[in-house]
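Reading through the structure tokens given below for one structure.
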Ligand code: SF4
Ligand code: SF4
């Protein structure tokens, strides 16, 4: 009898306890601004063009060779009557997210602050039926920065080892 009462008490206390799990995907916890999903390209809102010059540095440094970069002459360069000081600009860019291991090396080697790790849930929730759909093109890589959907974070020297708390 005592045992039954005891187990009922356990049942009751569990029943009234606050859940430790989250109602995902209905509820998303806020991600830290330095969260690392997959890399995407950044949009220069001042000049209204991508920051990326297509210099190939990230493509050469990527350990799994999942990036493809093609550059072109920038039609918006000052020599053509435009506003941009970028002589070359990105023409085509693909990243195969199915192969990317999210190492951040492409971000570290970029001299133009043109690429960043996506720090939103859109960067994580990428389930597809066909892995070919995980090859992102230039438009897909730029859209989130273009519409201001990512929290842009510029690393400051000496802060890179701080926690996200
Ligand atoms: S995060 Fe790493 S693996 Fe992914 S594209 Fe950049 S360099 Fe390549
Ligand atoms: S993202 Fe940076 S490193 Fe990669 S091609 Fe563009 S400018 Fe060069």
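Some notes on this structure:
- Any hit, segment 129-142, residues being in a loop (DSSP other than H, G, I, E, B), more than 10 Å from ligand 1 (Cβ to nearest atom) and without any contact (Cβ under 8 Å) to a residue 12 or more places away in the chain: yes
- Of the residues making up segment 102-128, those that are out of contact with any helix residue (DSSP H, G or I) (no Cβ under 7 Å at 6 or more places or on another chain) and more than 23 Å from residue 28 (Cα to Cα) are 103, 104, 107, 108, 112, 113, 114.
- Selection from segment 99-111 of residues that are more than 8 Å from ligand 1 (Cβ to nearest atom) and either in a strand (DSSP E or B) or surrounded by 16 or more Cβ atoms within 10 Å (Cβ to Cβ) (or both): 110
- Among the candidates 95, 90, residue that is within 8 Å of ligand 1 (Cβ to nearest atom) and part of a strand (DSSP E or B): 95
- Against the conditions (1) out of contact with any strand residue (DSSP E or B) (no Cβ under 6 Å at 6 or more places or on another chain); (2) closer than 23 Å to residue 57 by Cα; (3) modelled with pLDDT under 95, residue 146 satisfies every one except (1).
- Residue satisfying all of: in segment 13-59; in a helix (DSSP H, G or I) and at pLDDT 90 or above; farthest from residue 83 (Cα to Cα) among these: 59
- Residue in segment 113-129 that is nearest to residue 57 (Cα to Cα), counting only those that are surrounded by fewer than 16 Cβ atoms within 10 Å (Cβ to Cβ) and either near ligand 2 (Cβ under 8 Å from one of its atoms) or more than 12 Å from the chain's Cα centre (by Cα) (or both): 113
Residue-wise test of (1) surrounded by fewer than 19 Cβ atoms within 10 Å (Cβ to Cβ); (2) near ligand 2 (Cβ under 8 Å from one of its atoms); (3) farther than 15 Å from residue 137 by Cα; (4) under 19 Å from the mean Cα position of the chain (by Cα).
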position: 41; (1), (2), (3), (4): no, yes, no, yes
position: 48; (1), (2), (3), (4): yes, no, yes, no
position: 54; (1), (2), (3), (4): no, yes, no, yes
position: 60; (1), (2), (3), (4): yes, no, yes, no
position: 66; (1), (2), (3), (4): no, no, no, yes
position: 70; (1), (2), (3), (4): yes, no, no, no
position: 73; (1), (2), (3), (4): yes, no, yes, no
position: 76; (1), (2), (3), (4): yes, no, yes, no
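- Pair list, Cβ < 7 Å and 6+ apart or interchain, from segment 62-81 residues that are under 29 Å from residue 38 (Cβ atoms) to residues that are within 16 Å of ligand 1 (Cβ to nearest atom) and part of a helix (DSSP H, G or I): 62/105; 62/106; 63/105; 67/58; 67/59; 67/106; 68/59; 69/59
The values are calculated or read from the model by the stated rules, or taken from the named source; none is laboratory data. Keep in mind that what you see is a predicted model, and the values were worked out from it rather than measured. Counting neighbours? That spans all protein chains shown, and the Cβs are built from the backbone with ideal geometry, glycine included.
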